[in-house]
Amino acid sequence: MCCLTEIQAAGSTFGNNFRVTTFGESNGGGVGCIVDGCPPRIPLSEADLQVDLDRRRPGQSRITTPRKETDTCRIYSGVSEGVTTGTPIHVFVPNTDQIGPDYEKMSIAYRPSHADATYDMKYGVRAVQGGGRSSARETIGRVAPGAIAKKILKQFTGTEVLAYVSQVHQVVLPDGSVDHDTVTFDQIERNIVRCPNPEYVDKMIAAIDAVRTRGDSIGGVVTCIVRNAPRGLGSPVFDKLEAELAKAVLSIPASKGFEIGSGFAGTFLTGSEHNDEFFTDEHGRIRTRTNRSGGIQGGISNGEIISMRVAFKPTPAIGMKQKTVTRDKKEIELTARVRHDPCVAPRAVPVVEAMVALVLVDQLMAQHAQCNLFPINPELQEPLSLNFPKFELANI
C-alpha cells in the first residue's frame, strides 16, 4: 500500500480559500504576489491597490527609511475590463533604488538580530543584498492583496479594518484614549506617525527623531481593530480566529508580540472582573456589555469589535558599530551603512491591516462554504452579508 505525504515547507503562501503567494527580494528586480481564489466580477484597478502601497512605501517622511521607491504596481493577470475574472491575479512592483555595493561587507559578516545567519544555517546560501526575502520590502506582496481583501469585506459585509500606532518606545497611548467605535481612517492618516490621538503625535515623532539622528532605532506597537465583523468566523480547536490572526501578524518582519482583547493585562483580573456579560440590544441582537474578549470567544467572532495589538522590535539595521562574526567565524566590528526605518511601526500600519484582512476574507469564504451554503437557523444565526443586495458587482 502506497502512502503519499504532502510537504509544504516553502513558507511563501498564505491562506486556504483566498490564497496569496509573495515573491521577490529587496534588491532584486522587483517584488509582488499571486492572488488565487479571488471571487470574480469584482471591480478592481491598480489604483485600488496603490492607495495602501503608498501608505507602506519608503521615503514618505523623515521618520521612515530614505530609500526612494514609488512602489507603482502593475496587474498582469486576473483582471479583464476592470473586473476580476476569478483566475490568479498577478501583481508586480519593480525595485528602482537598489544599492548593492553598500552590502559588500555584509556579504561576509552577519548583521546582529537580522536573518543573515539563520538563512545561512537553513539554506547554506543567501541573497546578501538587503536581506533578500527577510526584508520588509516583501510586504508589498501582502499589502496589495490586502487591499483586495479589504474591498471585498467592506462591500460584502460592511467590515472595516483599521490600524494605528499606539506606542513608540516609551510614549504609550493610555487605554481608552482612542474611541474604537468612532476613530476614522482620516484621523489616523492625518500625521506621519499614524497616531489618531493628537496629544501624543509630537511626542512620538520626537522619540523617533532622537534616535534617527544618531543612527539608532526604537520599537513600537500597532493596534488594529475590526468593525462590523460577521459573527461565526473562525473554527474550534486549531483554527481559532485569534490563532489565525496571530500567525498572520507575527509573520510580519520585526513583529515580536501579539495580544487580543485584554491580552496579558487580563491576567491581573478575576473571572468576575474579566467576563463579558451578555444583553439583548434594542434591535434584538445578543451583545456583550464589555469587550475584554476582543470580539472573539471560543475562537469564533461574536460580532463585537475585534481588537488586537502587535509589538514591533527596534529595527536591527542601525548605523552604529556592533560586534559580530563573519561567515568563516572571525570576530569583527561592523558598521552597517544602510538605509533603515528608525521605527517600523508607522509603516507597519498598512501591513497589519492587510494581514488581518487576508485572514478575515479567507475565514469569510470558509464560513460561507460550510455554514451558509444551506439555509441558516434565523433564531441563532445571521446572514453573512447584511447588505448583499447593495454589492457593487460590475455589469458584464
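The table for this structure:
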item	result
Computed P(r) (all Cα pairs; the stretch 305-391; 5 Å bins; percent)	3, 9, 11, 13, 11, 9, 9, 8, 7, 5, 5, 5, 4, 1
Coarse-grained scattering of the stretch 161-240 at q = 0.18 Å⁻¹, given as base-10 log I(q)/I(0) from a Debye sum over alpha-carbon atoms	-0.77
Distance histogram in 5 Å bins (all Cα pairs of the stretch 210-357, percent per bin)	2, 9, 14, 16, 15, 12, 9, 7, 6, 5, 3, 1, 1, 0, 0
Spin-label zone in the stretch 232-275 - amide nitrogen under 19 Å from a point set 7 Å from the Cα of K122 along the C-beta vector	246-257
Global geometry of the stretch 118-255, whether rounded, prolate or oblate, following the gyration tensor of its Cα atoms and the 1.5 cut on a/c	oblate
For the stretch 314-331 and the stretch 61-83, distance of Cα centres in Å	32
Violating pairs (Cα-Cα greater than 22 angstrom) within the set K150/K247; K68/K122; K122/K330; K203/K323; K68/K154	K68/K122; K203/K323; K68/K154
For S77, distant residues with modelled amide H under 5 Å away	H90
Projected area averaged over orientations for the stretch 144-206, convex hull of C-alpha atoms, nm²	5.1
Trypsin sites (Lys or Arg not before Pro) lying in DSSP loop within the stretch 286-316, provided at most 12 other Cβ fall within 10 Å	R289
Calculated FRET value between S61 and L380, using beta carbons and R₀ = 51 Å, to 0.05	0.55
Principal-axis tilt of helix 140-157 within the chain, Cα atoms, nearest 10 degrees	10
The stretch 338-378 pair-distance distribution - Cα-Cα, 5 Å bins, rounded %	5, 18, 14, 14, 11, 9, 9, 6, 5, 3, 2, 1
CD proxy at 222 nm, helix term only [per DSSP H run n ≥ 4: -39500 (n - 2.57); per residue of the chain; nearest 500]	-7500 deg cm²/dmol
Column: log10 I(q)/I(0), Debye, Cα scatterers of the stretch 243-312, q = 0.12 Å⁻¹	-0.38
Amide proton proximity set for V325, modelled H, under 5 Å, gap of 5+	Y110, I332
Accessible surface of the stretch 310-361, 1.4 Å probe, proportion on carbon and sulfur as whole %	52
Within the chain, longest stretch clear of exposed GluC sites (Glu not before Pro) (DSSP loop, no more than 10 other Cβ within 10 Å)	105-276
Cα-based Rg and Dmax for the chain, where Dmax is the largest Cα-Cα distance (Å)	22.0, 70
Accessible area in square angstrom per residue, the chain, 1.4 angstrom probe	50
Using distinct alpha-carbon pairs, which all enter the 1/r mean, Kirkwood radius of the stretch 193-274 in Å	16.2
Kirkwood Rh and Cα Rg combined as Rg over Rh, evaluated for the stretch 105-160	1.27
Size of the stretch 10-119 as Cα extents on the principal axes (Å, biggest first)	50, 33, 22
Packing-based order for 206-217, 13-24, using average beta carbon neighbours within 10 Å, highest first	13-24, 206-217
Two-site FRET efficiency, R190 against R327, from Cβ-Cβ distance with R₀ of 41 Å, rounded to 0.05	0.30
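The values are calculated or read from the model by the stated rules, or taken from the named source; none is laboratory data. Everything numeric in this text was worked out from a predicted model, so none of it was measured. Don't worry about glycine lacking a Cβ; one is built from the backbone with ideal geometry, like all the others, and counts go over all protein chains shown. SASA here: full protein model, heavy atoms, side chains in, ligands and nucleic acids out. Shrake-Rupley method; radii C 1.70, N 1.55, O 1.52, S 1.80 Å.
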